[in-house]
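Q: A single structure is presented below for examination.
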Amino acid sequence: MKAAVFHKIGDIRVDNVDDPRIEKPDDVVVRVTSTAICGSDLHIYDGFVPQMRPMTMGHEFMGVVEEAGPSVTKVKKGDRVVVPFSIACGQCFFCAHNLQPHCENSNPEKYGPEGDMMDNKGGGLFGYTDLYGGYNGGQAEYVRVPYANVGPKVIPDGLADEEVLFLTDIFPTGWAGIDWCKLKGGESVVIFGSGPVGLMAQKAAWLHGAEKVIAVDPEDYRLEMAKKVNKVETLNAHDEHLMDKIRDMTGGRGPDAAVDAVGTEAERSFLEKLKAVVNLEKGTPKVMEWCFEAVRRGGSVAVLGVYGSPYDNFPIHRIFDKGLNISFGQSYVHKDFAKLFDLVKQKKVALNDIITHRLPLSAASHGYDIFKKKEDNCVKVVLKP
Ligand SMILES: NC(=O)c1ccc[n+]([C@@H]2O[C@H](COP(=O)([O-])OP(=O)(O)OC[C@H]3O[C@@H](n4cnc5c(N)ncnc54)[C@H](O)[C@@H]3O)[C@@H](O)[C@H]2O)c1
Ligand SMILES: [Zn+2]
Ligand SMILES: [Zn+2]
């Protein structure tokens, strides 16, 4: 079959690889009908998350069950399914506590309690390197889905692929950012990053009853998209008076909540790059720090953007002085799926309005290239195998 395979930094291309097959009794093989490229995939593409051997990419995918192992009871051949990005056994302590990204069984080689940089990681993820289980991903014609009684969610006919595809990751992720900030209605929220995750967080903020939503990004075309699809206010991240403007828009205090939907690969100056090399840091924590600066005293910060290294001079003093509530981490797709699927089914939210590129799987290299370089006004690429 054909699959988008990571070879080395900056080199993801479509190869012929072996077809996946049932390896364990509770596996299914899914024929992929739609799959998307995520900002998290760029961390592998750019070498921030290392991968030493070729591996099929992709953790946002859906399709039709082609073959089911003998102990699969929750789905059957022919079912149309959406598959959450994290791989969970459904049985362990963490699965029992609805903390599926921390599953103890899906990443046997590299799992551990410590959360180190290169070991002691969380549960398995599709197409996300040997650090997270070494599973081949869904940017392919077919994909093996383990623990098929836990992950795949059956989608009824009548909803197009593009209406539900982002339930695999980015909508639950944007939702988590707002949910973690415990919005009750009437709040102001600033969201740094207006890529796919930021755009989903904007939608989630309105769904939680926010009164004001401000999007910040250095790319004007992404801010235009935010205004068009989500009717938010916008500020360019290059604005010299960014923090003052955010405060001016929020009663002088700052917003009740701030979301980091950027992560470690935020735009950086040469000096910031140099500092990272000297300190043995990866990328920069600057957007997370902007969240702490921008948010009001006693407010909440949710960090959705990925960070993979420690940082010196972390502004813990500010967090203490302002009494901030902070949440980090992978989103809980399994936990929130039913609720979020209902919102989509009842047309309370549209997720497909952020798609800018629909490409055949064979054009995956090009898709990665324009998404990474932000060319051709690219915001979200959907690949069709
Ligand atoms: N927590 C999770 O479960 C989860 C799930 C999916 C994605 N993510 C992470 O979320 C982040 C965003 O993902 P995405 O798909 O939207 O990727 P993306 O790379 O398209 O989006 C990042 C956006 O941040 C903008 N940006 C760069 N520097 C900035 C700055 N200083 N201020 C404001 N904006 C800035 C970029 O222009 C871009 O629009 C990534 O780190 C990704 O790995 C996390
Ligand atoms: Zn993702
Ligand atoms: Zn588990």
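Q: Being surrounded by 13 or more Cβ atoms within 10 Å (Cβ to Cβ) and within 12 Å of ligand 1 (Cβ to nearest atom) is the filter here; which residues of segment 225-242 pass it? Outline the logic, then answer.
A: Narrowing segment 225-242 to residues surrounded by 13 or more Cβ atoms within 10 Å (Cβ to Cβ): 225-227, 229-230, 232-237, 239, 242.
Passing the criteria: Met225, Ala226, Thr234, Leu235, Asn236, Ala237, Asp239, Leu242.
Q: If you don't mind, another one. When Lys8 is evaluated against the numbered criteria (1) surrounded by fewer than 16 Cβ atoms within 10 Å (Cβ to Cβ); (2) in contact (Cβ under 8 Å) with a residue 60 or more places away in the chain; (3) under 30 Å from Asp260 (Cβ atoms); (4) among the charged types (D, E, K, R), which criterion, by number, is the only one it fails?
A: Among (1) surrounded by fewer than 16 Cβ atoms within 10 Å (Cβ to Cβ); (2) in contact (Cβ under 8 Å) with a residue 60 or more places away in the chain; (3) under 30 Å from Asp260 (Cβ atoms); (4) among the charged types (D, E, K, R), the lone unmet condition for Lys8 is (2).
Q: Look at Ser71 and say whether it is under 19 Å from Ala140 (Cβ atoms), in contact (Cβ under 8 Å) with a residue 40 or more places away in the chain and of a type in the set (S, T, N, Q).
A: Details: under 19 Å from Ala140 (Cβ atoms): no; in contact (Cβ under 8 Å) with a residue 40 or more places away in the chain: yes; of a type in the set (S, T, N, Q): yes.
Spelling it out, it is not the case that Ser71 is under 19 Å from Ala140 (Cβ atoms), in contact (Cβ under 8 Å) with a residue 40 or more places away in the chain and of a type in the set (S, T, N, Q).
Q: Hey, among the residues in segment 88-120 that are more than 16 Å from ligand 2 (Cβ to nearest atom) and not in a loop (DSSP other than H, G, I, E, B), which one's surrounded by the most Cβ atoms within 10 Å (Cβ to Cβ)?
A: His102
Q: Here is a list: Gly209, Gly186, Gly195. Which entry is farther than 16 Å from Lys345 by Cα, more than 16 Å from ligand 3 (Cβ to nearest atom) and either charged (D, E, K, R) or crowded, with 21+ Cβ neighbours inside 10 Å (or both)? Write out each step before concluding.
A: On the way: Gly209 fails: either charged (D, E, K, R) or crowded, with 21+ Cβ neighbours inside 10 Å (or both); Gly186 fails: either charged (D, E, K, R) or crowded, with 21+ Cβ neighbours inside 10 Å (or both).
Criteria check complete, one pass: Gly195.
Q: If I filter segment 201-209 for residues that are more than 10 Å from ligand 1 (Cβ to nearest atom) and polar (S, T, N, Q), do I get at least one hit? Don't jump to the end; show me each part of the working.
A: Our first condition is that a residue be more than 10 Å from ligand 1 (Cβ to nearest atom); within segment 201-209, this holds for 202-209.
Among the residues that remain, those that are also polar (S, T, N, Q) are: 202.
Within segment 201-209, one or more residues are more than 10 Å from ligand 1 (Cβ to nearest atom) and polar (S, T, N, Q).
Q: In this structure, is Ala204 crowded, with 20+ Cβ neighbours inside 10 Å and within 16 Å of ligand 2 (Cβ to nearest atom)?
A: Working: crowded, with 20+ Cβ neighbours inside 10 Å: yes; within 16 Å of ligand 2 (Cβ to nearest atom): yes.
Spelling it out, Ala204 is indeed crowded, with 20+ Cβ neighbours inside 10 Å and within 16 Å of ligand 2 (Cβ to nearest atom).
Q: What are the residues in segment 257-306 that are over 23 Å from the mean Cα position of the chain (by Cα), in contact (Cβ under 8 Å) with a residue 24 or more places away in the chain and part of a loop (DSSP other than H, G, I, E, B), if any?
A: Residues satisfying the conditions are Asn279, Leu280, Arg296, Arg297, Gly298, Gly299.
Q: To continue, here is another question. Only one of (1) of a type in the set (Gly, Ala, Ser); (2) more than 15 Å from Leu351 (Cβ to Cβ); (3) touching a Ser or Thr at 6+ places or on another chain (Cβ under 6 Å) fails for Ala226. Which number is that?
A: With (1) of a type in the set (Gly, Ala, Ser); (2) more than 15 Å from Leu351 (Cβ to Cβ); (3) touching a Ser or Thr at 6+ places or on another chain (Cβ under 6 Å) applied to Ala226, the lone miss is (2).
Q: Do any residues in segment 346-372 that are farther than 20 Å from Gly63 by Cα have Cβ atoms under 6 Å from those of residues that are in a helix (DSSP H, G or I) and of a type in the set (Phe, Trp, Tyr), where the two are at least six apart or on different chains, and which pairs are they?
A: The qualifying pairs are Tyr368/Tyr45.
Q: Collect the residues in segment 1-37 that are among the charged types (D, E, K, R) and either under 22 Å from the mean Cα position of the chain (by Cα) or more than 19 Å from Gly78 (Cβ to Cβ) (or both), keeping them in residue-number order. Quick ask: steps written out before the conclusion?
A: First pass over segment 1-37, keeping only residues among the charged types (D, E, K, R): 2, 8, 11, 13, 15, 18-19, 21, 23-24, 26-27, 31.
The answer is Lys2, Lys8, Asp11, Arg13, Asp15, Asp18, Glu23, Lys24.
Q: Looking at Gly138, is it buried (at least 24 other Cβ atoms within 10 Å of the Cβ), on the phi < 0 side of the Ramachandran plot and not hydrophobic (A, V, I, L, M, F, W, C)? Reasoning before the result, please.
A: Numbers: buried (at least 24 other Cβ atoms within 10 Å of the Cβ): yes; on the phi < 0 side of the Ramachandran plot: yes; not hydrophobic (A, V, I, L, M, F, W, C): yes.
So Gly138 passes the test.
Q: Still on this structure: If you go through segment 20-27 one residue at a time, do you hit one that is over 18 Å from Val145 (Cβ atoms) and surrounded by 19 or more Cβ atoms within 10 Å (Cβ to Cβ)? Spell out the reasoning first.
A: Taking segment 20-27 as the starting set, the residues that turn out to be over 18 Å from Val145 (Cβ atoms) are none.
No - not one qualifying residue is present in segment 20-27.
No lab work stands behind these numbers, since they all come straight from the coordinates. A quick note: this is a predicted structure, and the numbers were derived from the prediction, not measured. Cβ sites come from the backbone with ideal geometry, for glycine too, and all protein chains shown count toward neighbours.
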